[in-house]
Structure formats: C-alpha cells, structure tokens
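The values are calculated or read from the model by the stated rules, or taken from the named source; none is laboratory data. Remember, predicted model here, so these are calculated numbers, not experimental data. No Cβ is skipped: glycine too gets one built from the backbone with ideal geometry, and neighbour counts run over all protein chains shown. Calculation scope for accessible area: heavy atoms of the full protein, side chains included, ligands and nucleic acids excluded. Shrake-Rupley method; radii C 1.70, N 1.55, O 1.52, S 1.80 Å.
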Amino acid sequence: LFILDKKLRILNIGRFCIQKNQSLLLDSIKILDNISNTSFICSFCGKKDQRIFRELNNYVKENNLKSKVIFLDTKSSTNKLISIYDQNDIFILTSLWEGTPKVLIEALARGLLVIVPRLGGIKGIIKNRENGFYFNSYNPIEISSLILEVNNLSIEEKNLVSKKAKQTAAFYTYKKQK
C-alpha cells in the first residue's frame with residue numbers, strides 16, 4: 001500500500017546493455033531532479049556489461065546524481081529480488097525492444113506502478129492507466145513528467161492501479177499457463 005510523505009523509490013531491473021536503454025532513464029532522472037522538489041531515489045539492478053555500466057556510472061558522477069541513483073550489487077540482490085521490488089514504488093522499463101519481459105510480470109505481481117514503452121508483448125499486458133502507464137516516445141521529458149504524474153495520483157488511485165497490476169500478474173502464474 002502507498003503512504004504519504006515518503007521518498008519516491010524508482011526501480012529498473014535489466015541487463016546493462018543497449019537494448020535495455022538505461023541511459024534514457026538516467027536522462028529522465030536528471031530532468032526530474034531539475035524540475036521537481038520530489039524526494040526520490042532510483043535503483044538499477046542488473047548484470048553489468050562493463051562498458052555500458054561504466055558509461056552509466058560516469059553519467060551519474062558527471063551530472064551530480066550520486067544521491068539520486070543507486071547501482072545494486074547483482075550477486076547479493078538476485079536472492080533478494082522480492083525484497084527489492086517491495087522496497088520500491090514505481091518500476092520503469094526503457095527497453096528498445098522486448099518480448100514479454102519477466103521483470104514486468106514480477107513488478108506487477110508485487111503491486112508496483114509500472115511505466116513502460118508500448119511495444120512487443122507489453123502491449124498485451126498493460127492497459128494504459130488501469131494496471132500501468134505507457135510512455136509514447138523515448139523522450140526523457142515525457143518520462144520524467146509521467147513519473148511526476150504517477151507520483152501525484154491519490155493514494156486511492158495508486159492502490160487501485162496496484163491492485164489491478166497484481167490481478168494482471170496472476171494470469172501469468174504457472175497454474176494459469178497449464
């Protein structure tokens with residue numbers, strides 16, 4: 001359940017690679033930090049392609065985002081994945097292409113508010129503004145604005161979307177797939 005007066009916690013899980021496009025989320029976080037007084041932290045968790053990870057880490061340092069961005073250790077976090085989901089409010093997927101991403105189903109199952117692109121198998125999972133939220137372009141201004149919009153929903157609206165997210169994830173359980 002969502003509560004008032006708490007730091008907004010944003011999560012991205014995925015391999016650090018070109019496909020997952022985490023640089024877009026970092027650009028959005030930079031804009032969010034500049035345009036909003038919202039207290040937030042964004043956590044990234046995923047297997048690190050060293051070149052991409054270095055680029056992202058350098059971006060964080062160069063743009064003074066160290067107090068806003070955390071790169072989680074994947075070895076210790078894999079066993080704690082449910083806990084990681086549960087410590088966050090919003091899950092953001094910025095992939096350039098996807099099938100049916102398991103991390104999206106996991107985020108929905110934990111009741112996170114999800115912000116995703118309208119592509120691949122995601123189109124069959126998310127109903128915009130019912131169980132998640134779509135961004136229409138890979139534009140960091142649009143994504144940062146959408147983060148604020150989702151964060152500014154009433155607690156009742158957030159809890160309703162969260163409930164529908166969990167209901168959606170239930171369709172993807174092993175029993176439902178038989």
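One table, with the values for the structure above:
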read-out	value
Phi to ³J(HN,Hα) by Karplus 6.51 cos²θ - 1.76 cosθ + 1.60 over the stretch 139-148, Hz, x for Gly, Pro	10, x, 5, 4, 5, 5, 5, 5, 4, 5
Mean separation of Cα contacts under 8 Å, 6 or more apart, over the residue count of the chain: relative contact order %	25
Links that overshoot a 25 Å alpha carbon limit, given the list Lys6/Lys47; Lys66/Lys102; Lys7/Lys164; Lys102/Lys175	Lys6/Lys47; Lys66/Lys102
Segment Asn37-Arg129, extension gain: residue separation times 0.36 nm, minus the distance between their alpha carbons	30.7 nm
Matching label, volume of the Cα convex hull per residue in Å³ computed from the structure shown, candidates [x] 166; [y] 113; [z] 143	[y]
Chymotrypsin sites (Phe, Trp or Tyr not before Pro) lying in DSSP loop within the stretch 86-157, provided at most 16 other Cβ fall within 10 Å	Trp97, Tyr138
Mean Cα-pair separation over length for the stretch 43-130, i.e. relative contact order, pairs under 8 Å, 6 or more apart, %	25
Surface accessible to a 1.4 Å probe, Lys163 within the full protein complex, Å²	120
Cut-off under 5 Å, modelled amide H: who pairs with Val69 long-range	Cys42
At most 16 other Cβ within 10 Å, DSSP loop - GluC sites (Glu not before Pro), the stretch 81-164	Glu130
Accessible-area composition of the chain, carbon plus sulfur, in percent [1.4 Å probe]	51
Separation of alpha-carbon centers, the stretch 130-159 and the stretch 24-45, rounded to whole Å	13
Peptide ranges 30-42, 6-18 listed from the most packed, as the mean C-beta count within 10 angstrom indicates	6-18, 30-42
Estimated [θ] at 222 nm from DSSP helical runs (n ≥ 4, -39500 (n - 2.57)) normalised by residues in the chain, nearest 500	-12500 deg cm²/dmol
Heavy-atom accessible area per residue - the chain, 1.4 Å, Å²	53
Amide N proximity, the stretch 122-157 versus Ser23 label position 7 Å along Cα-to-Cβ, cut-off under 19 Å	137-144
